[in-house]
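The values are calculated or read from the model by the stated rules, or taken from the named source; none is laboratory data. What you see is a predicted model, and the numbers here were worked out from it, not measured in a lab. Glycine also receives a Cβ, built like all others from the backbone with ideal geometry; neighbour counts cover every protein chain displayed.
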Amino acid sequence: MEPMKKVELVIDSVHLNKVIEILEKLGVSGYTIIRDVLGKGERGIMAGDELTDVFKNSYIFIVCSDEIAKKITEEIKPILKKIGGICIISDVLWLVH
């Protein structure tokens, strides 16, 4: 097993493409996106029952090196400050296959 970082983001779905652009620019080799995640946060309940992506959230997770995780956070922090959302980073073990 290899020690890695897991970066988890919950952002307004309207801004998902901007986050994907950042990940691509940083050379992130893979990520997972789950659309229409539901929950409650500082902006209230995100019900996910709208016709557009307004008032919907997306969940993105990335497993990467510590170096890439730091780069992601540097790029994402100004966006989160402007539009809201969360970023969680944790230590994980990657099962190399």
How many residues, within segment 54-72, are in a helix (DSSP H, G or I) and either over 10 Å from the mean Cα position of the chain (by Cα) or among the aromatic types (Phe, Trp, Tyr) (or both)? 6
Looking at segment 81-96, is at least one residue modelled with pLDDT of 95 or more, of a type in the set (D, E, K, R) and loosely packed, with under 13 Cβ neighbours inside 10 Å? yes
Scanning segment 1-23 for residues that are of a type outside the set (D, E, K, R) and over 17 Å from Cys64 (Cβ atoms), the one surrounded by the fewest Cβ atoms within 10 Å (Cβ to Cβ) turns out to be Asn17
Restricting attention to segment 2-31, report how many residues are part of a strand (DSSP E or B) and under 29 Å from His97 (Cα atoms). 9
Single match in Ala69, Ala47 (criterion: at pLDDT 95 or above and small (Gly, Ala, Ser)): Ala69
